[in-house]
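Okay, so here's the structure we're looking at.
The values are calculated or read from the model by the stated rules, or taken from the named source; none is laboratory data. Quick caveat: nothing in here was measured; it's all calculated off a predicted structure. In this analysis, Cβ positions are derived from the backbone assuming ideal geometry, glycine residues included, and neighbour counts consider all displayed protein chains. For the accessible areas, the whole protein counts, side chains as well, though only heavy atoms, and no ligand, DNA or RNA atoms are used. Shrake-Rupley method; radii C 1.70, N 1.55, O 1.52, S 1.80 Å.
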Amino acid sequence: MAQGFTGIIVQLEAAEDAQTHGLKKENVNHLRRASELARDSLQEARRSVFALRPQALEQRELADALNEIIAKMTAGTSLQAELTVDGAPRKLPAEIEQNLLRIGQEGLTNALRHATHFTAKLTFRSEAVLLDLKDDGCGFDVTSRNEGFGLTGMKERVEAMAGRLQIESTPGKGTTISLALPVKEAPIRAA
């Protein structure tokens with residue numbers, strides 16, 4: 001839900017900026033997007049009470065859900081963002097899909113605050129699924145113990161699924177987050 005709130009804040013700040021510069025149409029568009037994000041976040045909050053599966057994954061594959069979130073959260077912002085998919089997409093266990101979606105959202109949320117470019121790459125391999133997130137933001141010192149809640153949450157999610165997480169960042173040069181989660185190939189059923 002924090003990612004949804006961040007998207008709303010970004011849209012409202014953009015609306016305020018557009019209003020300040022007399023850009024009435026852009027102001028209205030940003031307010032409309034903020035309203036849509038608020039409705040989506042409220043619906044997601046209600047659903048979270050009943051189930052842990054994100055709404056974005058209810059009717060979409062993981063790659064499509066990530067693409068939709070990227071499009072919604074960056075609409076009308078200056079952040080240039082894209083998702084690429086490598087390998088043959090396939091249905092993954094619900095826990096893996098949910099956690100990858102949340103980690104992607106968290107990376108995007110950080111990029112919205114600090115970067116102008118963001119890329120996500122989702123790679124499907126027979127034994128693992130990989131997610132790489134890169135931004136050109138302000139970066140940080142990875143050796144400092146001043147981790148934000150988002151990075152801590154990412155680490156906990158990946159560790160809980162026996163995955164590997166690597167964070168590379170340099171102040172002033174952006175951040176790269178790479179993770180690999182083991183997945184077993186679905187058994188082939190005999191006809």
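List of remarks:
- Ratio of the Cα radius of gyration of segment 1-41 to 2.2 N^0.38 Å, where N counts its residues: 1.11
- Radius ratio Rg over Rh of segment 83-141, counting only Cα atoms, Kirkwood formula for Rh: 1.02
- Residue 113/residue 184 FRET efficiency (R0 30 Å; Cβ-Cβ; nearest 0.05): 0.25
- Relative to the current alpha-carbon distance between residue 32 and residue 60, full extension at 0.36 nm per residue lengthens the span by 7.7 nm.
- Relative contact order of the chain, pairs being alpha-carbon contacts under 8 Å that are 6 or more residues apart, as %: 17 percent
- Simple rule: put +1 on each Lys or Arg Cβ and -1 on each Asp or Glu Cβ in the chain, find the dipole, and look at 117, 89, 76; the Cα lying farthest toward the positive end is 89.
- Shape of segment 102-185, Cα gyration tensor, a/c cut at 1.5: prolate
- Rolling a 1.4 Å probe over the heavy atoms of the protein chains gives the chain an accessible area of 59 Å² per residue.
- Diagonalising the gyration tensor over the Cα atoms of the chain and scaling each eigenvalue by 5 before taking the square root yields semi-axes of 30, 21, 15 Å, largest first.
- Charges were assigned to the Cβ only: +1 to each Lys and Arg, -1 to each Asp and Glu. The resulting dipole of the chain about its Cα centre is roughly 400 debye.
- Label-point gap, in nm, between residue 127 and residue 144 - each point 7 angstrom along Cα→Cβ: 3.8 nm
- Angle between the chain longest axis and helix 24-50 axis [Cα atoms, degrees, rounded to 10]: 40 degrees
- Sequence-distant residues sharing a close amide H with residue 129 (under 5 Å, placed H): 181, 183
- Eligible lysines near residue 134 by straight Cα distance, threshold 30 Å, same-chain separation 8 or greater: 72, 91, 121, 155, 173, 184
- Think of the chain as having a plus end and a minus end, set by charges on the Cβ of Lys, Arg, Asp and Glu; of 104, 137, 22, 104 sits farthest toward the positive end of this dipole.
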